[in-house]
Structure formats: C-alpha cells, structure tokens
1. Being among the hydrophobic types (A, V, I, L, M, F, W, C), assigned to a helix (DSSP H, G or I) and in contact with a Ser or Thr (Cβ under 9 Å, 6 or more places away or on another chain) is the filter here, so list the residues in region 1-33 that pass it.
2. Assess whether Ser362 counts as being within 30 Å of Arg460 (Cβ to Cβ) and either part of a helix (DSSP H, G or I) or aromatic (Phe, Trp, Tyr) (or both).
3. Of the conditions (1) crowded, with 19+ Cβ neighbours inside 10 Å; (2) in a helix (DSSP H, G or I); (3) touching a Lys or Arg at 6+ places or on another chain (Cβ under 9 Å), Trp568 clears all except one; give me its number.
4. Return the residue satisfying two criteria in turn: it lies in region 321-351 and is closer than 23 Å to Gln479 by Cα, loosely packed, with under 12 Cβ neighbours inside 10 Å and charged (D, E, K, R), and of such residues it is modelled with the highest pLDDT.
5. Go through (1) surrounded by fewer than 20 Cβ atoms within 10 Å (Cβ to Cβ); (2) closer than 26 Å to Ser368 by Cβ; (3) touching a Cys at 6+ places or on another chain (Cβ under 6 Å) and name the single condition Asn655 misses.
6. Looking at region 614-634, can you tell me whether even one residue there is closer than 21 Å to Arg423 by Cβ, at pLDDT below 90 and crowded, with 20+ Cβ neighbours inside 10 Å?
7. Do we find a residue being more than 30 Å from the chain's Cα centre (by Cα), in a helix (DSSP H, G or I) and acidic (Asp, Glu) anywhere in region 517-534?
8. For region 530-546, name all the residues that are under 18 Å from Arg426 (Cα atoms) and surrounded by fewer than 17 Cβ atoms within 10 Å (Cβ to Cβ).
Amino acid sequence: MCGIFGIILKDRSAAPKDAFEHDLSLLYKASMARGRDATGLALHDSRNVHLIRRDCSPKQMLASDAYRRVVREGYAAQAAAPLAAFGQCRLVTNGSLAIEANNQPVVAGNVVGAHNGIVVNDGDLLPSEAPKTSAGGGTTALAETVHAANDTTRLMEAIDGALNRLGNLRRAVGEVFLRLEGEASIVVMSRLDGAMTLATNTGSLYFLSRADGSAFAFASERPFLRRLIAEGYVFTDVGDDAVVHLKPGEFLHLVPGRTTFDHGSLTDAAVAPDSGKQADPDNEPPVAAPVIRASNSAGGLLRCTACVLPHTYPGISFDDKGVCNFCRNHQHQKVHGRAALEQLLDKHRRNDGCYDCIVGLSGGRDSSYGLHLLKTEYGMNPVAYTYDWGLTTDQSRRNQAIMCSKLGVEHVLRAPDIAKKRRHVRKNINAWLERPRMGMVPLFMAGDKDFYQLGRDLKRDYEVDLTVFCSGSLLEQRQFFVGFCGVHDHVTYTARLYGYTPKVKAQLALYYLSQYLLNPRYINESFFDSVRSFFTSFLFKDDFLYLYEYIDWDEREIDRTLRDLYDWQSDSGYGRNQWRMGDGQTAFTNYIFHAVAGFSEFDNFRSNQIREGLIERDEALKLVEEDNQPKWGALEYFAYVIGINLDEVLARINNIPKLY
C-alpha cells in the first residue's frame, strides 16, 4: 500500500544540513516503492509545522523547489531545537488524489499524521456530532476541506478527539486502535508539544536509533532502514541489527529533545493511568504549532484594487493606485431597451399561429428565462432548439423539458455522433496535456459551435427570419479567452465572435496554426471539425438577435421567475453559482484556468458585476473564493462521459508550472 517514513533529530547538532537532507531523500526514494500516486511531507522545526502535499510522484516532489525550500528553511529555523520530518508515498486506495486534502500527511485539529493501510470502520471512529476537520492555529494554519472524507482523515480526527479528551497522545492512539477495524500503521504528531507516536496493528513499521539516541528514523519496511544505514550519513555508528521491528499491536512514543523513547503494547497504552500531574491554573494552555502550507508557486496573486482580476490575467496592467486597465477603460453597457426590442419583434411577430422565431435553449438560466419572456411577455410563437453535442448535462435536459412543456413550445433537438464528439474532446485534452498552453483550452469546446449553424439552418427549415440567442450581457465578457492567444486588442463583447475585427480574427487563426505546428497531436480526427467550428463562429455571417443586448440581466428576477413559475432546478453538482451550468465542460476548463493562472471565468464575471455596480468588491472576493472551489460532481460527470481518468488528468494539470 503506502510507505511512511521519517527522521527525528534531538537537535541540529545530530546531523549537518546536507546529511539530514541526503538521508531524508534516501528514505523518500526507498519508500516510493510502496506508492507513487501522490506524496507529502510534514516538518516540525519546534515552532511551526511545515506541510507540503502534491498529487505527483515522489521523484517529482524531491525535484521541486517547494520541497527543497521546506526542508532547508525548516532545518535552519532553530539550531538548538529538535527537528522532526515525516512523510508518505501514497498508493491511492481511498479518496481522490486530485483533492489536495486527501493526500497526506493529514491535519486534524491538534494532530498531524500519516497512515498506511485501509480502515474499514472509519465512519464509526468518531461520534456523529464531532466537528469536522480543521487545522486551527489562525490564518497560518491549513484547513482541510469537507471533500477529504477518507479513512485517514477520519482516523486522525478520532485521535485528535481522544487527545483533546485524554490529554495524552499515547493513550489517545491506543484507545482509537482498540476500536479500529482494518489495517493501520501510522505516525501521528501532536501540534501542542511535538510528541510523536508510531503504532501498527500489522507490523508494517520498523525503527532505528543512533547509539547515543540523538537521531531516530522509521520506515514501513526493514530494507529501507538498512539502505539508510548503508548509504546514509546520519546512522553510520550502527549496524543492521539496530533496526527494530514494531510488532502488531505495538506503539513507540517519542518526546522532542529526549534521547529515549517508550515502546510497548497499544492495549496497555489505552488503559495506562494518568501521570498524576495536575494542570497549573496559572500557566497558559499549550498553543498548537501553526501549520504552514508550502506553495509550489513563487508567490501569491496581486489583484486589482477595484475589481478582482489578478496580475496573471492576460493584457492586464495597473496604475499607481492598483486599478487595472480593464476597470479604467470600462464603459457601462447601455442596453437598447424594451421598446427597441418590442419594435424589432413587431417586424417578425405573426398572428396566424405560425412560428415567428427560433430560440436557442441550453437549459441554463439565461436561455430558459429568455424563452419565458418571448412567449409570455412579448407574445412570440417560438420554436426552441438545442444542439446536444454530448456535454449537455442531465439537469439541463430536465430544465429544457420543463420549460417547453409548460410553455407549450415545440422543441427541436439535434445531436451529432456524440461518441465521436466526445472522442474528439478526449484526444484534444491528451494533446493539450503534452504541451499545455492556456490559449488552446477553448479547443475542447470547438465541438459545440455547430449550434450557430443550426440556428441559421432552422430559420430556413421553419421559414422564419429571426433567430434569438439568450445572451448578450456584458457580464459574460471574457477577454482572457483571446488574451491567452496573444490578442490584446480590447474586445468589448467576446460572445459575438463574428463581430471581431479582421485583425483579431487573423491573429487568432495564426495562433491556432502555430500551436498545431508545434504540437502535431492536435492533428487528429477532430481537425476538420475544429476548422469548421472556426469558420462557423468567426467567419459566417451572424445576424442573430442577442436578447440581453436589449434588456438588463437581472439575476434575482431570473431566479425568482424560473423557481416560482417553472420549478426550474439548479445543478447541485455545479455549486451555488449556476452561471453556465448547462455546459458540461465548464467545470473542467475553469479548473484548468484556476489551477494554472489563479483565476477562472468566475473572477471575470464577478469583476464585470463590480464594474456594472451590481456588487461590491468585498462581496466579490468572497464569492470567487466559493465559485472557484472545484465542482467535483460536474468534474466526475465530465470525466465519465469523455472517458478520461480524472485523477490522472487533474494531477497533471496541478503540476503544470503556475503563472504566479
């Protein structure tokens, strides 16, 4: 299964920095034979717990700047103080590795720990009313997410609860192990005093101590420690016989700075009497060492002081007050107004019962509300149409059915070879991962652009002169889609692709051509489909009516109308913000943008809301933090229908060099 390992020094004099780094790396490399899916390390420098976890191989971790920074800075913290480092090489058995909090070591309240094995009754270890995992310790601590619902997290939460109740780590571990079912070999450290306990119910732990007790090491297998003795620099004074087996049902307890340790039965530890020491009411209670999460980037995001766009947004610049050029150049959208809409619709409205317009219907909020307005308030007799290219969500289909049935609207559905379309997306994702460039992410969505052509064709088939798209709000403007292609001309409204200037269209075409030449994997069976999508979107005439160029986009009114009149349902797997919930690929593409560039479409959306005076910046900052949480339900759906290994793909995305 997994490999756990660690080295503890009485103080820095027990081993020079280079020797400590070398031996820790040696144990790391040996332990990765037991798991290469993900990895992590916790280092306690006697003041702080430095934590680094990655969904990458241990080899990649050891080569990372972030890992080297954690080890070197941790060693240099306090020369005379104890130093403890332990880690895990993970074979995924429970919990997606793409969820960072699923990887180890795990933080649970006042303990940090790593686990090898599978606990089968993890749901019973903690009372149902017990609090969820949190790291405490203020702003520098790492808070685990609610997604980390795996056996290791629950095991550590149970130990933390017992520690808080009993005040003794050894007893806490022993008590939990008496109730545990399954396989468990663990290392757990108290953030209150740095004490560490090793425990196993299978015997998959071995330990080693220098003759003078100044250094200690442990690992999941005996050969790993023998290799440490043979090739390392810290334990040169002992032989192979110094490696001790921690047998099933045993524990080992260490206290920082001491040269001795306690070794005994977990059963005895669970029922051991208290030390008899009474807490001194005049002394402050111990404070948990803060958990400092290591970043794999060079720094944080610098955001505009007026909106929430970060410095990684393509084409952005800031003035001396920190205000970005997009805010400085913003012009409020002036909708044409309902009177102008009424006048335009009058030219097409028919009174003989025949259809008078075609309306695109995705099943999302905007198109559902637009269909409602056209039918009930403007007296149009529309035909709704949907282009289901393989990534329309089930909830969107349900909403389409609700709207059309309650309004009595004919619904035309067109579907291509869905298996082929999904295969195209899969091949282009795999091509992109070989040479990830942010400007090529929209290629994954090229397959839906026949939606435009279908709007043209249905006008002819149904003998009407008007096609309505329920979009057009400036809130949807996404300059970064073209900005990542090197196009920095100010594009006011990026949804009307036909309206781009010839210069912008030429720049985009040249960018895509260059990427195809630099990455021939894009030249696959999707090639001609992608080329046709470019022509359909950018070059074929666009004479559609964009509804929200005429009326204000009022989120509260839209939500109220759809909820009260139609029982329109949001997609729980997409999160609270339902903007673009009908597009099955949106959760995936936004994951990429946020993981690599530190922002997504939601940052763009909220910034536009700020500029239009709809929300304040403080509210927007809170909203984007929620908006940008990975939408695991939608991601899992996308991976299932496309046919990709979600963990593998997200792990590769997470390890792409950041733009910040």
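1. Looking only at region 1-33, we keep the residues that are among the hydrophobic types (A, V, I, L, M, F, W, C), and these are 1-2, 4-5, 7-9, 14-15, 19-20, 24, 26-27, 30, 32-33.
Okay, now just the ones that are also assigned to a helix (DSSP H, G or I), so 14, 19-20, 24, 26-27, 30, 32-33.
Answer for region 1-33, where residues must be among the hydrophobic types (A, V, I, L, M, F, W, C), assigned to a helix (DSSP H, G or I) and in contact with a Ser or Thr (Cβ under 9 Å, 6 or more places away or on another chain): Ala14, Met32.
2. On the way: within 30 Å of Arg460 (Cβ to Cβ): yes; either part of a helix (DSSP H, G or I) or aromatic (Phe, Trp, Tyr) (or both): no.
Here the answer is no, as Ser362 does not meet what is asked.
3. (2)
4. If we take residues in region 321-351 being closer than 23 Å to Gln479 by Cα, loosely packed, with under 12 Cβ neighbours inside 10 Å and charged (D, E, K, R), then Lys321 is modelled with the highest pLDDT.
5. Checking Asn655 against (1) surrounded by fewer than 20 Cβ atoms within 10 Å (Cβ to Cβ); (2) closer than 26 Å to Ser368 by Cβ; (3) touching a Cys at 6+ places or on another chain (Cβ under 6 Å), the one that fails is (2).
6. Taking region 614-634 and keeping what is closer than 21 Å to Arg423 by Cβ, we get 634.
Adding the requirement that they be at pLDDT below 90 leaves 634.
Now drop any that are not crowded, with 20+ Cβ neighbours inside 10 Å, which leaves 634.
Within region 614-634 (the criterion being closer than 21 Å to Arg423 by Cβ, at pLDDT below 90 and crowded, with 20+ Cβ neighbours inside 10 Å), the answer is yes, since at least one residue qualifies.
7. Looking for residues that are more than 30 Å from the chain's Cα centre (by Cα), in a helix (DSSP H, G or I) and acidic (Asp, Glu), one finds at least one in region 517-534, hence yes.
8. Residues of region 530-546 under 18 Å from Arg426 (Cα atoms): 530-531, 533.
Residue satisfying the conditions is Val531 alone.
The values are calculated or read from the model by the stated rules, or taken from the named source; none is laboratory data. Keep in mind that what you see is a predicted model, and the values were worked out from it rather than measured. Every residue, glycine among them, receives a Cβ derived from its backbone with ideal geometry; neighbour counts consider all protein chains shown.
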